[in-house]
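Trainee: Submitted below is the structure of interest, expressed as structure tokens.
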Amino acid sequence: MLKQKSVWLIVSFVIVSLLLAACGSSNTSSGSGDDVTEATLTLKFAHEENDGDVQDLYAKKFKELIEEKSDGKIQVDIFTAGTLGTNMDVLQSLQTGAIELAITSPGFSGDIIPESQIMAIPFLFSDDLEVNRKVLNESEALYGLLAEKYEEKGIKPFKFWLEGFMWWTSNKPLTTPNEMKGFKMRTMPTSLIIKSYEYMGANPTPTDSGEIYTMLQTKGIDGQENPLFYIYNSHFHEVQDYLIESKHHIYTTVTAANQDFFDSLNEEEQQLIAEVIEEVNDWSFDMQEEEAQKALAEIKNVDIEIIELTSEQREAFKELSLPVREQFVNDVGEDAQKILEILEADIEQAEQELGN
Ligand code: 6CS
């Protein structure tokens with residue numbers, strides 16, 4: 001007998017497929033009449049956030065540039081969070097080719113690409129965003145062995161990129177491991193994040209992103225982690241007493257295509273898509289920084305206490321979280337170890353090159 005989870009997965013897959021079928025196929029023509037350019041390709045581009053969030057601004061920039069540079073021959077339809085099911089459904093749709101492009105984050109891809117959980121290890125990346133930018137742009141670990149793991153699952157990762165530091169919001173100060181004990185911390189569903197918080201003494205509670213606000217309000221969870229723009233746009237600061245600059249992690253994500261779809265394109269189309277993603281990626285670093293600054297300025301207007309962890313305080317949480325690295329290697333295997341070793345070296349090298 002099929003388990004309830006499997007039945008639910010099949011049902012949501014059928015719903016998403018029907019929805020996408022209603023949106024049309026990837027080879028289409030748009031408009032009619034002499035003054036309208038015939039579109040030869042329509043890309044369905046899904047992401048995990050809401051209208052106006054960082055991933056949405058990224059997708060809109062991609063749409064603007066590719067439609068302009070292809071003289072309207074390539075068109076883009078953007079799908080925001082929830083419109084094609086959960087974020088895990090989006091990843092599945094990318095894998096099956098029901099959508100052509102997506103922004104997909106490691107917090108949701110652990111079941112399909114276990115090695116991608118490396119991006120969810122806390123305190124692994126630098127506390128300097130420029131260093132992290134360099135690593136995400138160039139890392140041999142990410143564009144070598146980790147990229148192969150995505151490709152084995154039918155997904156072509158173009159660029160890894162970041163959406164800012166993760167901050168904690170909470171209903172009590174979180175400055176020492178003692179205060180973290182039993183704390184109901186909302187997490188994304190990937191098992192490595194859950195284990196990391198268990199090591200830090202918390203009671204991690206995976207929750208769908210659409211439920212976070214209500215769960216905070218009703219005290220079903222005590223707090224959550226997210227970049228500033230997401231905290232502000234989702235109004236979490238309105239139902240939390242503390243905003244903590246913990247720098248325990250950065251929010252990373254990947255812009256990716258369905259591999260078969262990408263392989264089916266001609267060289268010119270492939271090059272254009274890759275070039276535009278490169279351009280949007282460069283642009284996105286300043287964009288996410290601006291969004292973070294705007295959000296912080298707004299949050300400072302409300303009644304919430306902002307705490308910046310000292311490096312000693314961060315170190316105490318880091319120490320507790322360290323076993324998750326070994327657990328990642330034990331759970332995922334030999335290649336996970338290689339990716340981790342190369343990534344650690346890439347981060348160290350970037351730190352040295354940028355003079356940290
Ligand atoms: O916490 C989450 O679930 C969400 N956070 C971000 C920054 N993007 C998408 C994700 O669903």
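Trainee: Where only protein heavy atoms count, and the probe is 1.4 Å, what is the accessible area per residue for the chain in Å²?
Mentor: Numbers: 15680 Å² over 356 residues.
Result: 44 Å² of accessible area for each residue.
Trainee: Of all the accessible heavy-atom surface of the stretch 105-151, with the other protein chains kept in place and a 1.4 Å probe, what percent is carbon and sulfur?
Mentor: Carbon plus sulfur share of accessible area: 39 percent.
Trainee: Would you please report the Å³ per residue occupied by the convex hull of the alpha carbon atoms in the stretch 150-299? Spell out each step's value before the answer.
Mentor: On the way: hull volume 17.3 nm³, N = 150.
Taking only Cα atoms, the stretch 150-299 has a hull volume of 115 Å³ per residue.
Trainee: Would you calculate, for the chain, the mean residue ellipticity at 222 nm contributed by helices, counting each DSSP H stretch of 4 or more residues as -39,500 (n - 2.57) and dividing by all residues, to the nearest 500?
Mentor: After summing the helix terms and dividing by residue count, I get -14500 deg cm²/dmol.
Trainee: Using a 1.4 Å probe on the protein heavy atoms, what percent of the accessible area of the stretch 163-246 belongs to carbon and sulfur?
Mentor: Values: 1420 of 2930 Å².
On the stretch 163-246, the fraction of accessible area on carbon and sulfur atoms equals 49 percent.
Trainee: Just to confirm my numbers, what's the Cα centroid distance between the stretch 277-311 and the stretch 229-243 in Å?
Mentor: About 13 Å separates the Cα centre of the stretch 277-311 from the one of the stretch 229-243.
Trainee: DSSP beta bridges in the stretch 167-288, what fraction antiparallel, as a percent rounded to 5? Show your work: numbers first, answer last.
Mentor: Numbers: 7 of 11 bridges.
The answer is about 65 percent antiparallel.
Trainee: I've got another one for you. Express in whole angstrom the spacing between the alpha-carbon centres of the stretch 56-125 and the stretch 159-205.
Mentor: If we compute the Cα centre of each part, the gap is 24 Å.
Trainee: Count the net charge of all other residues whose Cβ sits under 13 Å from the Cβ of Thr169, scoring Lys and Arg as +1 and Asp and Glu as -1. Don't skip to the answer; put the middle values down first.
Mentor: Values: positive: Lys172, Lys184, Arg186; negative: Asp222, Glu225, Glu238, Asp241, Glu245, Glu305.
For residues surrounding Thr169, the net value is -3.
Trainee: Let me know the charge dipole size of the chain about its Cα centre in debye, to the nearest 20, where only the beta-carbon of Lys, Arg (+1) and Asp, Glu (-1) is charged.
Mentor: Value, rounded to 20: 1520 debye.
Trainee: Let me ask you something else. Of the trypsin sites (Lys or Arg not before Pro) in the stretch 185-257, which ones lie in a loop per DSSP and count no more than 10 other C-beta atoms within 10 Å?
Mentor: Loop-located and lightly packed - Lys219.
Trainee: Under the rule a/c < 1.5 gives rounded, and otherwise a/b versus b/c splits prolate from oblate, where does the stretch 64-131 land using the Cα gyration tensor?
Mentor: The shape class here is oblate.
Trainee: So which DSSP H runs in the chain come out at 20 Å plus along the axis (Cα) with average Kyte-Doolittle of at least 1.6?
Mentor: 4-22
Trainee: Shifting gears a bit: When only DSSP loop residues count, what trypsin sites (Lys or Arg not before Pro) in the stretch 289-356 have their Cβ near at most 11 other Cβ atoms within 10 Å?
Mentor: Those that pass, being in a loop and sparsely packed, are Lys300.
Trainee: A further question on this structure: For the chain, state the average projected area of the convex hull of the C-alpha atoms over all orientations, rounded to one decimal in nm².
Mentor: Convex hull of Cα atoms, orientation-averaged projection: 19.2 nm².
Trainee: Separate question: How many lysine pairs are close in the stretch 132-252, with Cα atoms under 21 Å apart and the two 8 or more places apart or on different chains?
Mentor: Qualifying lysine pairs in the stretch 132-252: 15.
Trainee: Calculate, for Thr40 and Trp283, the FRET efficiency according to 1/(1 + (r/R0)^6) with r their C-beta to C-beta distance and R0 30 Å; round to the nearest 0.05.
Mentor: 0.70
The values are calculated or read from the model by the stated rules, or taken from the named source; none is laboratory data. Nothing here was measured: the structure is a model prediction, and the numbers come from that model. So basically every Cβ, Gly included, is an ideal-geometry build from the backbone, and we count neighbours across all protein chains shown. Accessible surface areas use protein heavy atoms only, side chains included; no ligands, DNA or RNA. Shrake-Rupley method; radii C 1.70, N 1.55, O 1.52, S 1.80 Å.
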